[in-house]
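Data first, discussion second: the structure below is written as structure tokens.
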Amino acid sequence: MALYKHGDYLVQTTDGAFDHDYQPGATAPFAGIYRCMGCGREIGIAQGHTLPPQNQHEHTPAQGAIRWRLIVYADHNAK
Ligand SMILES: [Zn+2]
């Protein structure tokens, strides 16, 4: 679970970008923190970089396939 201390730096949104699961090895469309929806592992990644592949970490059969979902968007356009 992603942690934060100062809530003033985070804003809740209903943006659909947070509802899409990306396949292992896909290009990250946004910079930020992505969560594996199978096991909860989180990664930080830059925009345009490659999300970790299927063999990056192990899942039990019950956890299913690795699928990455954006959970925190890193706003690098802010001034
Ligand atoms: Zn996982």
Filter the range 46-73 for residues that are surrounded by 15 or more Cβ atoms within 10 Å (Cβ to Cβ) and either more than 16 Å from the ligand (Cβ to nearest atom) or under 8 Å from the mean Cα position of the chain (by Cα) (or both) and give the result.
-> Trp68, Arg69, Leu70, Val72, Tyr73
So His76, is it of a type outside the set (A, V, I, L, M, F, W, C), within 13 Å of the ligand (Cβ to nearest atom) and either at pLDDT below 95 or on the phi > 0 side of the Ramachandran plot (or both) | no
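The values are calculated or read from the model by the stated rules, or taken from the named source; none is laboratory data. Quick caveat, the model's predicted, so the values are computed rather than measured. Here the Cβ is made from the backbone with ideal geometry for all residues, glycine too, and neighbour counts use every protein chain on show.
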